[in-house]
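Report on the following structure.
The values are calculated or read from the model by the stated rules, or taken from the named source; none is laboratory data. If you're wondering where the values come from, they're calculated on a predicted model, not measured in any experiment. Cβ: placed from backbone, ideal geometry, glycine included. Neighbour counts: every protein chain shown.
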Amino acid sequence: MSDDFSETELERYSRQLVLREVGPEGQRRLRAAAVAVVGAGGLGSPALLYLAAAGVGRITVIDDDRASLDNLQRQVLHDTASVGEPKVHSALRRLDALNPSVRVRAVERRLEAANAASLLRDHDLVLEGSDNFATKFAVNDACLALGITAVIAGILRFEGQVLVVPPAGPCYRCLFGGEPDPGLVPSCSADGILGPVAGVVGSLQASEALRALLGAGEPQGGRLLVFEALRPRLRAVEFERDPACAACASAVAAARR
Ligand SMILES: [Zn+2]
């Protein structure tokens, strides 16, 4: 049944191969999967490590930023030696060292509405961990139009949120509407972030991404996961599709084509 796995693969993935929800069939799915990760920062760091460690076959890292000293408190993919270097380079090096059988591609570009579809097509899933709303909405809209599952997250201070957007929605726009006024948006640089909160939320994203690829557990649509570190607790907030959502309408149109 698992003849197509090498001895190394059988050993490397042994702790997840024994899981009924993974097994050889699930491992083959992961090996055949292509995942794009937008942002190699606080969320992308743990997410990329776990996706590569789990044996996701093809990973594209999209980030246009360079590692800086004030990143290292939470962006555990990078280290002191990588300060000043493009994050996609240190990401590539670290992921290759972790699991050489994963094909990692580095794209040193900023994802925007205009290039989102061309950067994200040909992937099975997109994990969004950027630090800005414009990118989150661009990923949401492009994934719905392309019929790709998106796992979008945000973090601030002691809190984080994760939303899985299935190919047919409901989506990030159904929940949050349009982009907020830039002057009203808080940021990690101004308001702060506790490092492990990024770790928890990025790991939650990786867990949801693997769950989506495996088709394991409960359906993922219409549920915002909220992690609060000071209380501490993880809760799920259910929500419905906004009938007026243009992004979800584009997904319905794409599915009909
Ligand atoms: Zn929507």
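Could you list, in sequence order, all residues of region 73-131 that are touching a Gly at 6+ places or on another chain (Cβ under 8 Å), within 12 Å of ILE62 (Cβ to Cβ) and either of a type outside the set (S, T, N, Q) or at pLDDT below 95 (or both)? Give the steps one after another, and end with the answer.
First pass over region 73-131, keeping only residues touching a Gly at 6+ places or on another chain (Cβ under 8 Å): 73-77, 87, 91, 99, 101-103, 127-131.
Now narrow it down to the ones that are within 12 Å of ILE62 (Cβ to Cβ): 87, 91, 127-130.
LYS87, ALA91, LEU127, GLU128, GLY129 - these are the residues of region 73-131 that are touching a Gly at 6+ places or on another chain (Cβ under 8 Å), within 12 Å of ILE62 (Cβ to Cβ) and either of a type outside the set (S, T, N, Q) or at pLDDT below 95 (or both).
The rows are residues; the columns are (1) basic (Lys, Arg); (2) surrounded by 11 or more Cβ atoms within 10 Å (Cβ to Cβ); (3) within 22 Å of VAL38 (Cβ to Cβ).
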{"position": "CYS188", "(1), (2), (3)": "no, yes, yes"}
{"position": "GLN205", "(1), (2), (3)": "no, yes, yes"}
{"position": "LEU225", "(1), (2), (3)": "no, yes, yes"}
{"position": "ARG241", "(1), (2), (3)": "yes, yes, no"}
{"position": "ARG257", "(1), (2), (3)": "yes, no, no"}
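Of all residues in region 157-170, count the ones that are within 21 Å of GLY195 (Cβ to Cβ) and buried (at least 17 other Cβ atoms within 10 Å of the Cβ). Outline the logic, then answer.
Initially, region 157-170 is screened for residues within 21 Å of GLY195 (Cβ to Cβ), giving 157-162.
Retained after the next criterion (residues that are buried (at least 17 other Cβ atoms within 10 Å of the Cβ)): 159-162.
The qualifying residues number 4.
Within region 214-235, identify whether any single residue is in contact (Cβ under 8 Å) with a residue 12 or more places away in the chain, part of a helix (DSSP H, G or I) and more than 16 Å from the ligand (Cβ to nearest atom), and answer yes or no.
Yes, region 214-235 has at least one match.
From the set of residues in region 96-152 that are over 21 Å from LEU210 (Cβ atoms) and among the β-branched types (Val, Ile, Thr), which is farthest from the chain's Cα centre (by Cα)?
VAL107
Within the bounds of region 196-211, is there any residue that is of a type outside the set (Asp, Glu), within 16 Å of the ligand (Cβ to nearest atom) and modelled with pLDDT of 95 or more? Let's see the steps before the verdict.
Taking region 196-211 as the starting set, the residues that turn out to be of a type outside the set (Asp, Glu) are 196-207, 209-211.
If we keep only those that are within 16 Å of the ligand (Cβ to nearest atom) as well, we get none.
No, that holds for no residue.
Are there any pairs, at least 6 apart or on different chains, whose C-beta atoms fall under 8 Å, with the first in region 239-255 and touching a residue at least 60 places away in the same chain (Cβ under 8 Å) and the second more than 8 Å from the ligand (Cβ to nearest atom) and among the acidic types (Asp, Glu), and if so, which?
Sorted first by the residue in region 239-255, then by its partner, the pairs are ALA247/ASP141; SER250/ASP141.
Residue by residue through region 68-85, note down the ones that are crowded, with 18+ Cβ neighbours inside 10 Å and more than 13 Å from GLY39 (Cβ to Cβ). Step through it out loud before you land on a result.
If we filter region 68-85 for residues that are crowded, with 18+ Cβ neighbours inside 10 Å, which is where we start, we get 71, 74-78, 82.
Of everything in region 68-85, those that are crowded, with 18+ Cβ neighbours inside 10 Å and more than 13 Å from GLY39 (Cβ to Cβ) turn out to be VAL76, SER82.
In region 83-92, is there at least one residue being in contact with a Phe, Trp or Tyr (Cβ under 9 Å, 6 or more places away or on another chain) and not β-branched (Val, Ile, Thr)?
First, pick out the residues of region 83-92 that are in contact with a Phe, Trp or Tyr (Cβ under 9 Å, 6 or more places away or on another chain): none.
Looking for residues that are in contact with a Phe, Trp or Tyr (Cβ under 9 Å, 6 or more places away or on another chain) and not β-branched (Val, Ile, Thr), one finds none in region 83-92, hence no.
Can you tell me which residues in region 159-171 are more than 7 Å from the ligand (Cβ to nearest atom), closer than 14 Å to GLU128 by Cα and in contact (Cβ under 8 Å) with a residue 60 or more places away in the chain?
Our first condition is that a residue be more than 7 Å from the ligand (Cβ to nearest atom); within region 159-171, this holds for 159-168.
Next, only the ones that are closer than 14 Å to GLU128 by Cα stay: 160-166.
Scanning region 159-171 gives GLY160, GLN161, VAL162, LEU163.
Is there any pair with a first residue in region 91-107 that is farther than 13 Å from ALA54 by Cα and of a type in the set (Val, Ile, Thr) and a second that is in a helix (DSSP H, G or I) and modelled with pLDDT of 95 or more whose Cβ atoms are under 9 Å apart and which are 6 or more apart or on different chains, and what are they?
Listed by first residue and then by second, the contacts come to VAL104/LEU48; VAL104/ALA52; VAL104/ALA91; VAL104/LEU92; VAL104/LEU95; VAL104/ASP96; VAL107/VAL88; VAL107/LEU119.
Within 25 Å of ASN71 (Cα to Cα) and within 16 Å of the ligand (Cβ to nearest atom): which single residue out of ILE193, ILE152, ILE148 fits that description?
ILE152
Within region 14-31, which residues are without any contact (Cβ under 8 Å) to a residue 24 or more places away in the chain and under 14 Å from ARG211 (Cβ atoms)? Lay out the reasoning, then the answer.
Pass one, region 14-31, residues without any contact (Cβ under 8 Å) to a residue 24 or more places away in the chain: 14-15, 17-20, 23-25.
Within region 14-31, LEU19, ARG20 meet the criteria.
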